[in-house]
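What follows is calculated from the coordinates using simple rules that are stated; it is not laboratory data. The model shown is predicted, which means the values in this text are computed figures rather than measured ones. Every residue, glycine among them, receives a Cβ derived from its backbone with ideal geometry; neighbour counts consider all protein chains shown.
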Amino acid sequence: MLLYKASVFIHILSAMFWMGGMLFTIFVIVPSLKHPQLNPSRGDFFTIMGKYFSNISWALFIILLITGYYQLTYRGYSWEILITSKFWHSHFGFILAHKLIYFALMLIVSGIHDFWLGPKTAMLIQQQPDSATTTRYRKLTRRIGQVNFIFGLLIVYYALSLVRG
């Protein structure tokens with residue numbers, strides 16, 4: 001029971017850290033970087049911050065997968081049960097499927113954002129801060145970040161639905 005509680009604690013803490021990091025970025029970092037004093041180093045800052053947060057996020061995603069799977073097995077959902085269609089047609093399975101679909105979509109979007117779009121945008125901000133291309137990439141990066149945040153909220157909603165009905 002202690003290991004299960006530790007797993008739940010680590011799972012929730014990891015989700016909080018990831019969602020909190022996105023909220024902090026959206027509501028504090030991005031608005032702060034609009035300050036004229038920070039203009040010359042905005043691209044560098046996004047690159048450095050993005051790498052740190054990306055590395056932490058991907059570690060958190062692994063932790064979330066491991067702890068989530070452990071919690072399922074602790075609750076009696078073995079691999080043999082999880083691969084049956086009967087499980088996925090149950091109420092619990094249906095909700096879990098939605099959570100996992102949004103988690104998979106979030107991983108895909110995070111990969112695009114972290115490994116291609118974000119670095120490309122940061123480079124453009126540094127090299128061509130006022131170009132139309134940079135503006136398009138910045139808007140696209142912001143939109144993808146917003147989509148990922150919505151996926152995160154949906155994951156939290158379905159996670160709560162799993163344990164609270």
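Over all other residues within a Cβ to Cβ distance under 14 Å of Y77, the charged ones net out to +2, with Lys and Arg as +1 and Asp and Glu as -1.
Across region 2-164 the C-alpha pair distances fall into 10 Å bins from zero in the proportions 10, 35, 28, 16, 9, 2 percent. Exposed loop sites here are trypsin sites (Lys or Arg not before Pro) assigned a DSSP state other than H, G, I, E or B and surrounded by at most 12 other beta carbons within 10 Å; excluding them, the longest clear run of the chain is 76-165. Screening the chain for whole DSSP H helices of 30 Å or more along their axis (Cα) with average Kyte-Doolittle hydropathy at least 1.0 returns 2-24, 91-112.
Here the spin labels are modelled as points 7 Å beyond Cα on the Cα-Cβ line, and at H89 and L33 they lie 4.9 nm apart.
Annotation: for a label point projected 7 angstrom from Cα along Cα→Cβ of L140, residues of region 93-131 with backbone N closer than 14 Å are 112-125. Ordered by the number of other Cβ atoms lying within 10 Å of each residue's own Cβ, fewest first, D130, D44, D114 fall into the sequence D130, D44, D114. Rounded to the nearest angstrom and listed largest first, the equivalent-ellipsoid semi-axes of region 1-88 from its Cα gyration tensor are 39, 13, 10.
The residue among M106, N55, L72 whose Cα reaches farthest toward the positive pole of the charge dipole of the chain, with charges on the beta-carbon of Lys, Arg, Asp and Glu, is M106.
Taking the number of Cβ atoms within 10 Å of each Cβ as an exposure proxy, the fewest-first ranking of L3, L82 is L3, L82.
Ranked by how many other Cβ atoms sit within 10 Å of their own Cβ, fewest first, the residues T73, T47, T84 fall in the order T84, T73, T47. Extending 7 Å from Cα along the Cβ direction at H98 and again at I10 yields two label points whose distance is 2.9 nm. Taken as Cα centroids, region 1-69 and region 141-165 sit 14 Å apart, rounded to the nearest whole angstrom.
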